[in-house]
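Please treat every number below as a calculation from the coordinates, not as lab data. Not measured: the values here are computed from a predicted model. In this analysis, Cβ positions are derived from the backbone assuming ideal geometry, glycine residues included, and neighbour counts consider all displayed protein chains.
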């Protein structure tokens, strides 16, 4: 009951249809600041769907009577919250995690449904942030320095000499 009371208070404090201005960019009317992905990007709460079930793990007998496991679904393939370029990047990077175009995040590590909801939201935000991040710059090909080549060859000679000595073979000449 407490989880629903907190959720109701949180949503009641936010007026539907009001626009929030963050960093000079206007967010969508029903965008939640708690769902921000970056400057000018935020998930829309109305696109999220929740499912609750009984969880395993901590909770004692309480586990058998409360629906504390949370399954959060986000329609990544059809969302309007992300521009087409970022959506395509995220679809490519998260392809193995998608179920019929939806990204599914499950949380059941806490005893309360409220904390599992927060954990699932945070996990979804982090997954999407990593998925829409720009790719790293390509590696520039460089040649090894003369000193590093010489050090590597000296180490190889020393190693070969040590092994040859174990076999009782001829030691290579030392520099």
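If you average the alpha carbon positions of the range 97-175 and of the range 72-94, how far apart do those two centres end up, in angstrom?
27
Roughly how many nanometres apart are two label points built 7 Å out from the Cα toward the Cβ at residue 130 and residue 61?
So the label points at residue 130 and residue 61 sit 4.0 nm apart.
Let me know the shape class of the range 46-175, please: from the alpha-carbon gyration tensor, a ≥ b ≥ c as square roots of the eigenvalues, rounded when a/c is under 1.5, otherwise prolate if a/b is greater than b/c, or oblate.
oblate
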